[in-house]
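Take a look at the structure set out below.
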Amino acid sequence: TMDADDLLRLIDVLSPRDEPGRLTLISRMGAERVHAKLPPLLRAVTRAGRKVVWLCDPMHGNTISTANKVKTRSFDSILAEVRGFFDAHLAEGTWAGGVHVEMTGQEVTECVGGAHRLTEADLGGRYETFCDPRLNAEQSLELAFLVAEELKARRIPLRTPAVAAQ
């Protein structure tokens, strides 16, 4: 994980004119590290006044290998990193720009967990990826609904203009 000074130097190289929307920073820290590592980066970029888009990749920082050397990801860890990403942005007053997930519409068994509680023993059933494990159709929808619930719970209520007395 990059420290704040290195990140600011990289931003200067990649976006020297600081054009809004030009640079997207993708955090992929893992569920265990996001709460400690992301806030200092958010603070540094905000203090420097840099205009970036923040995106969460909860997949790559949560890839593990089973005892049988099968690459997988835990649904709970993926969700925990997404929640940590939104927590950090809420606490720092910054804008969480999006979430990147690797998924398929197929009923594969590549990631463990989710509502159907897939386990390591289930991975052999339909493990079809040639590269990285993907959320299956049900896990993808479950994650989307859980993220939507999180966002709904965190949103700032819109103020309604007061109606003038007549």
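Laboratory data are not the source of any read-out in this text; all were calculated from the coordinates shown. Just so it is clear, the model here is predicted, and its values are computed rather than measured. So basically every Cβ, Gly included, is an ideal-geometry build from the backbone, and we count neighbours across all protein chains shown.
Tabulated values for the structure
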item: Residue satisfying all of: in region 42-57; within 19 Å of A80 (Cα to Cα) and hydrophobic (A, V, I, L, M, F, W, C); surrounded by the fewest Cβ atoms within 10 Å (Cβ to Cβ) among these; result: L55
item: Residues located in region 88-146, provided they are among the hydrophobic types (A, V, I, L, M, F, W, C), part of a loop (DSSP other than H, G, I, E, B) and either free of Cβ contacts under 8 Å to residues at least 24 places away in the same chain or exposed (fewer than 14 other Cβ atoms within 10 Å of the Cβ) (or both); result: W95, A115, F130, C131
item: Subset tally (residues that are surrounded by 13 or more Cβ atoms within 10 Å (Cβ to Cβ), among the small types (G, A, S) and within 17 Å of R83 (Cα to Cα)) for region 4-41; result: 3
item: Every pair of residues 6+ apart whose Cβ atoms lie under 7 Å, when the first sits in region 39-65 and is under 15 Å from A91 (Cα atoms) while the second is of a type in the set (G, A, S) and outside any strand (DSSP E or B); result: P39/A88; P39/A91; P40/A4; L41/A4; L42/A88; A44/A4
item: Flag if E92 is acidic (D, E) and farther than 22 Å from R43 by Cβ; result: no
item: Candidates L10, L23, filtered to the one that is free of Cβ contacts under 8 Å to residues at least 24 places away in the same chain and either in contact with a helix residue (DSSP H, G or I) (Cβ under 6 Å, 6 or more places away or on another chain) or of a type in the set (A, V, I, L, M, F, W, C) (or both); result: L10
